[in-house]
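Trainee: Take this structure, written in structure tokens, and hold onto it; I'll ask about it next.
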């Protein structure tokens, strides 16, 4: 597959997740919730963590928000990636994603850690888009810290 074909596939996946998001819709019973805003463009995400009772395993990530296709697809991809994982493993994935986003396109994302979220790596070349891509991940990081403090 050529680079152009791969970029087209990635763009289509981002649009698909933005149109039909995974984990969309807040529900009762969240262990923690974080609301984050990207002041640069006005994108907003409210993200909830639901845990398996008595564990640190996230049973589901639920979210609502509005904004560009990148911010909405990123929230969807994040929710799909981490459902069923323990919070420490989620934190590792957030750190890996942040490293990719800060690289300005110089780091190839680890598909083993980031799954389909690797499609967002192209956003790292555009400073304004990094904040869009990171919004849900920052919300999750905040929600994890709130859950640990509870």
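Trainee: Among the residues of the range 79-110, which ones are touching a strand residue (DSSP E or B) at 6+ places or on another chain (Cβ under 7 Å) and either within 13 Å of residue 132 (Cβ to Cβ) or assigned to a helix (DSSP H, G or I) (or both)?
Mentor: Result: 79, 82, 87, 90.
Trainee: Tally up the residues in the range 33-78 that are farther than 22 Å from residue 20 by Cβ, in contact (Cβ under 8 Å) with a residue 12 or more places away in the chain, in contact with a strand residue (DSSP E or B) (Cβ under 7 Å, 6 or more places away or on another chain) and outside any strand (DSSP E or B), please.
Mentor: Total satisfying the criteria: 1.
Trainee: Further question on the same structure: So, residue 81, is that one closer than 21 Å to residue 121 by Cα, crowded, with 16+ Cβ neighbours inside 10 Å, within 13 Å of the chain's Cα centre (by Cα) and without any contact (Cβ under 8 Å) to a residue 60 or more places away in the chain or not?
Mentor: For residue 81, the condition - closer than 21 Å to residue 121 by Cα, crowded, with 16+ Cβ neighbours inside 10 Å, within 13 Å of the chain's Cα centre (by Cα) and without any contact (Cβ under 8 Å) to a residue 60 or more places away in the chain - is met.
Trainee: I've got another one for you. Given the condition closer than 22 Å to residue 42 by Cβ and surrounded by fewer than 17 Cβ atoms within 10 Å (Cβ to Cβ), answer yes or no: does some residue in the range 108-122 qualify?
Mentor: No: zero hits.
Trainee: Same structure again: Limited to the range 8-32, what total is found for residues that are part of a strand (DSSP E or B) and surrounded by fewer than 16 Cβ atoms within 10 Å (Cβ to Cβ)?
Mentor: 1
Computed from the coordinates by the stated procedures, all read-outs in this text should not be read as laboratory data. Predicted model, so just to flag it, every value in this text is computed and none were measured. Methodologically, a virtual Cβ is constructed for each residue, glycine included, from the backbone with ideal geometry; neighbour enumeration extends over all protein chains shown.
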